[in-house]
Amino acid sequence: MFWQNAYFFVLVFSFILILSSLNYPLLNIVAYGQTTGSQISQEEYDKIKNCTTDLSKKPTPVEYLTHFNCGQVSKDESGRTVRQFTLIIEENQKIPISYEGHIFDGWTFNGTIPGPTIRVTEGDLVRIRVINSNENTHAHSLYTQPIHYSKNNAFIMTGQPGGTISPGRSFTYEFIAGPYGVYPYYCHVEPMADHINRGLYGMMIIDPKDPRPRMTEMAMLLNGYDLDLDLEGPTELPPVAPIEGVETNLPLNSSSNNNTNIETNISNMTHVSLPSNEEESGNDKSTVKEERVNEIYTVNGKAFDYMMNPIVLHTGELYRVYVLNMLEFDSVNSVHIHGAMFDYYSAGTNKTADYLTDIVTLAKGDRGIMEFTYAYPGTYMFHAHQTLFTDLGWMGLFDVRGNPINSPPNDAT
Ligand SMILES: [Cu+2]
């Protein structure tokens, strides 16, 4: 009798398992990039993410805070979401970076420093077409940090020695988004300190398939500007020999003298032509190798912009800030907020906070997510915890409105 019952029980249990596995796989081990049973539609998720509907808009540094570019969306034959982006690189852009008239001679992705905040979902097929404008005089590239195919590694991916895109050419980078987190993207052409500090960088957010808890979201990219490149001497590297087996990709508008173009391209990869300084033309610049420093520090591109335009928050509401440090020449940067503590998620690759704090210190390229709420109305500063950086532009204000949130009553014991 016992064995009969046991047999019947096993039979019924197996049947239930088989049925349930149709909807919920028993071994739910799913690598990023594969589809899962996320309950939210792509359209609904994009709305929650506050994706912009105007992909051609150049956000101001204030608008940058909440301007998320989620690309042009389509589906491939397997039903996977495909997001396409176009990044146009332009040199010699005059970018206002302060309220005191400072203009930076920048290189830009889509006309702004930082470049657009790219936002995708884990598992999406991402295509980023990078166009190096005809008017430019340097080769450039794009490097995104998340896991990607080796053929798409920035060093070899364009078929050009050094993995670069010549002026007048374009290249489409392609990868499956993952793992979820916050990432920098930037030009990976040497000398990188110049290509990055000139402005060729931005933030990429890969959202988890199952959305994080819903709250108002912002992006804060920390950067700096070395305004007097001309006083600090050229940066030079030895010439690079062409890589064996790598096909060269000459500009569409190249002349018949191909060898000259190859030499020009290699030269572009290894040497930045710094602007001459007429006032000091008597100096031999090639022998001057001074330490490079930033003269202006900002969050989102313009010094003191959030002092002039405080960010309006409301008591009791939840806020999430995606933060990324792209500061060159200084070893660390930091974010400190007044009047509240924040949960911090390093790199944004985990849904459990690492710790609760009011300050986070970031090396170059470090990033993460801050989540916080304010209990009391008022005006609160947020800034770098290095006084030099705050004095030179990296400081802002939260204008917190609303009623105080009652603190929980003290424990009677
Ligand atoms: Cu570059």
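A few notes on this one:
Let's see how each residue does on (1) assigned to a strand (DSSP E or B); (2) of a type in the set (D, E); (3) within 16 Å of the ligand (Cβ to nearest atom):
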| site | (1), (2), (3) |
| --- | --- |
| T86 | yes, no, no |
| I89 | yes, no, yes |
| E100 | no, yes, no |
| D105 | yes, yes, yes |
| T108 | yes, no, yes |
| R119 | yes, no, no |
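- Test for K302: is it open to solvent by 20 Å² or more (accessible area, probe 1.4 Å), under 26 Å from P116 (Cα atoms), at pLDDT 95 or above and within 21 Å of the chain's Cα centre (by Cα): yes
- Strands (runs of 3 or more DSSP E) within region 337-413 that include 3 or more residues farther than 28 Å from V293 by Cβ and modelled with pLDDT of 95 or more: 342-346, 355-357, 367-372, 378-383, 395-401
- Looking at T112, T117, T121, just one residue is within 20 Å of the chain's Cα centre (by Cα), among the hydroxyl-bearing types (S, T, Y), modelled with pLDDT of 95 or more and open to solvent by less than 10 Å² (accessible area, probe 1.4 Å), and that residue is T117.
- Here is the figure for region 124-150: residues that are within 16 Å of the ligand (Cβ to nearest atom), at pLDDT below 95 and more than 20 Å from the chain's Cα centre (by Cα) total 3.
- Looking across L313, L362, one residue alone is hydrophobic (A, V, I, L, M, F, W, C) and either more than 22 Å from Y183 (Cα to Cα) or without any contact (Cβ under 8 Å) to a residue 12 or more places away in the chain (or both). It is L313.
- Pairs meeting the criteria (first residue in region 128-143 and aliphatic (A, V, I, L, M), second residue open to solvent by 50 Å² or more (accessible area, probe 1.4 Å) and more than 12 Å from the ligand (Cβ to nearest atom), beta carbons under 6 Å, at least 6 apart or on different chains) are I131/I88.
- The number of residues in region 315-325 that are within 9 Å of T373 (Cβ to Cβ) and either under 24 Å from the mean Cα position of the chain (by Cα) or not in a loop (DSSP other than H, G, I, E, B) (or both) comes to 2.
- Considering residues of region 331-352 that are β-branched (V, I, T) and over 25 Å from T315 (Cα atoms) only, the residue farthest from the chain's Cα centre (by Cα): V332
- A count restricted to region 184-200 and to residues that are under 15 Å from the mean Cα position of the chain (by Cα) and more than 10 Å from the ligand (Cβ to nearest atom) stands at 3.
- Members of region 320-353 found to be open to solvent by less than 10 Å² (accessible area, probe 1.4 Å) and closer than 28 Å to G378 by Cβ, listed by number: R320, V321, Y322, V323, L324, N325, N333, S334, V335, I337, F342, Y344
The values are calculated or read from the model by the stated rules, or taken from the named source; none is laboratory data. The structure displayed is predicted, hence computed values, not measured ones. Every residue, glycine as well, gets a Cβ built from its backbone with ideal geometry; the counts of neighbours run over all protein chains shown. Protein only, heavy atoms only, side chains kept; ligands, DNA and RNA dropped before computing areas. Shrake-Rupley method; radii C 1.70, N 1.55, O 1.52, S 1.80 Å.
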